1. Are any residues in segment 336-363 in contact with a Pro (Cβ under 6 Å, 6 or more places away or on another chain) and at pLDDT below 95, and if so, which ones?
2. Can you work out which of the residues in segment 367-391 that are small (Gly, Ala, Ser) and in contact (Cβ under 8 Å) with a residue 12 or more places away in the chain is surrounded by the fewest Cβ atoms within 10 Å (Cβ to Cβ)?
3. Of the residues SER294, SER324, SER345, which is at negative phi and either over 21 Å from the mean Cα position of the chain (by Cα) or not small (Gly, Ala, Ser) (or both)?
4. Can you pull out the residues in segment 69-95 that are small (Gly, Ala, Ser) and out of contact with any helix residue (DSSP H, G or I) (no Cβ under 9 Å at 6 or more places or on another chain)?
5. So is TYR236 surrounded by 19 or more Cβ atoms within 10 Å (Cβ to Cβ), free of Cβ contacts under 8 Å to residues at least 60 places away in the same chain and not in a loop (DSSP other than H, G, I, E, B) or not?
6. Would you point out which residue out of ASN200, ASN162, ASN153, ASN221 is more than 30 Å from VAL367 (Cβ to Cβ) and without any contact (Cβ under 8 Å) to a residue 40 or more places away in the chain?
7. For residues in segment 95-149 being touching a Phe, Trp or Tyr at 6+ places or on another chain (Cβ under 9 Å) and surrounded by fewer than 15 Cβ atoms within 10 Å (Cβ to Cβ), which is nearest to LEU36 (Cα to Cα)?
8. Going by what's in this entry, would THR231 be described as out of contact with any Asp or Glu (no Cβ under 8 Å at 6 or more places or on another chain), under 24 Å from GLY248 (Cα atoms), at pLDDT 95 or above and polar (S, T, N, Q)?
Amino acid sequence: MDIRRMPLWASRNATIMSNEAVRAVIEDQGEITIELSCTNVQGGRVNALSIPYFRGIGAGVLSDENIDWYKSKQRTYTAGGIYISFPSSDEDHILTSNSYWMLRRYGSESTYGGVWRLSEMKSREENNRYHISKIDFMLPSDPVLYTYLKLTNTDEVPLEYNLSIHSMVSPPLLESGSLISTSAAEFTAYPPNLREVAFNRLKSGIHFSDLKHCPSIRGQNIDMSYVPGPTSSYDYIIGELKKDCDLGWVTIINPRQQLLYCSFFPSLNSDLPQEYIKFPLIDIAFNYLGRMDSPWALYEGGTPQVFSLTTGFGQMNHHGAFSSPITNTIPPGESRVVVYGNGYSSFDNPRIGLGFYSAEKAEHGLVFKRTKSYAYLPCDYKFKKLIDVASWILNNNE
């Protein structure tokens, strides 16, 4: 186990956390995890997360001479990785992803033998005042980065919010032949928003139940669970989990390198206490060299330069397409708690590279099964150890 601080670029610092299975690098700027890496079956270390070619390395977008190229968006300036969107994605306000976080403490704990870090941010913006404590945690043998968030409304009025957590991945994990799977049961696609210059393959506004049979604009179905080569397309879908689901997940498998990336989180039927947020939705952005707006392209309408997949989970019920609330509120002075994990591991059985048929909970992890073959992800999917350690850290916060 290892945890230490490291400098990155001008006024940009990060924390590196590692165990025998994975390594994570978490940047203070925006609290973005820019590395979650493990070794594949060939012995090469592979970062699952995307660091796009255009990612800025200066203090911030407002001081960068190419600010217009970035559309003045700090989140674009620091694109990639695992990032949190709260209380919205409107960059005209103070958000988790466009702010500088303060690392308060980091260290190890003796109960489970793990390493942890505690960071915080505050917003003093009128009608948008809140405080967030974030704890990242690693256990000795789990190939997982666990995260705990405590979201507190410090204002005198209710705080409206939508929360989502995303992972942007790209080659070498993402390549032609990679497979995508999720516990969501119903999906719909959306057209590009005003800032995105792109062509869709999927027909928007139609609900469907299987990633392997997504309705396209040309009338036939497309298997969106299979990653093709570059298609010069960009598609965005949201999926809703069943009401009786207690654990949600999204996976990406690379068959050639025998790698599995998995985000998992408590869903609506979770038995966690009431103050814990249970996520009803997942979303996926398929950017297969499809974004033609800068900086995803060198100029507006130019040749796309980024091949990526962004998977996430949260409360992003755009246009009320599903039954969950469009917005949520935290009353003044109250808090909500969030727990989730991002796991990354190689698997031994190459048959899992053909895809799995079911995901099952075992005593100490998740099992992804294909008939008699399986891949095993050791993890604490009930988040008990994370919650125990977070309680200890916050109760002893100086």
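The values are calculated or read from the model by the stated rules, or taken from the named source; none is laboratory data. None of the values given here were measured: they were computed from a predicted structure. We place every Cβ from the backbone using ideal geometry, glycine too, and count neighbours over all the protein chains shown.
1. GLY353
2. Our first condition is that a residue be small (Gly, Ala, Ser); within segment 367-391, this holds for 373, 375, 390-391.
Those still in the list that are in contact (Cβ under 8 Å) with a residue 12 or more places away in the chain too: 373, 375, 390.
Details: SER373: 17, ALA375: 25, ALA390: 24.
Going through the qualifying residues, I end up with SER373.
3. On the way: SER324 fails: either over 21 Å from the mean Cα position of the chain (by Cα) or not small (Gly, Ala, Ser) (or both); SER345 fails: either over 21 Å from the mean Cα position of the chain (by Cα) or not small (Gly, Ala, Ser) (or both).
After applying the criteria, what remains is SER294.
4. The initial filter retains those residues of segment 69-95 that are small (Gly, Ala, Ser), namely 72, 79-81, 85, 88-89.
Hits for segment 69-95 are ALA79, GLY80, GLY81, SER88.
5. Details: surrounded by 19 or more Cβ atoms within 10 Å (Cβ to Cβ): yes; free of Cβ contacts under 8 Å to residues at least 60 places away in the same chain: yes; not in a loop (DSSP other than H, G, I, E, B): yes.
For TYR236, the condition - surrounded by 19 or more Cβ atoms within 10 Å (Cβ to Cβ), free of Cβ contacts under 8 Å to residues at least 60 places away in the same chain and not in a loop (DSSP other than H, G, I, E, B) - is met.
6. Values: ASN162 fails: without any contact (Cβ under 8 Å) to a residue 40 or more places away in the chain; ASN153 fails: without any contact (Cβ under 8 Å) to a residue 40 or more places away in the chain; ASN221 fails: more than 30 Å from VAL367 (Cβ to Cβ).
Of the residues listed, the single one that is more than 30 Å from VAL367 (Cβ to Cβ) and without any contact (Cβ under 8 Å) to a residue 40 or more places away in the chain is ASN200.
7. By that ranking, first place goes to PRO140.
8. Working: out of contact with any Asp or Glu (no Cβ under 8 Å at 6 or more places or on another chain): yes; under 24 Å from GLY248 (Cα atoms): no; at pLDDT 95 or above: yes; polar (S, T, N, Q): yes.
No.
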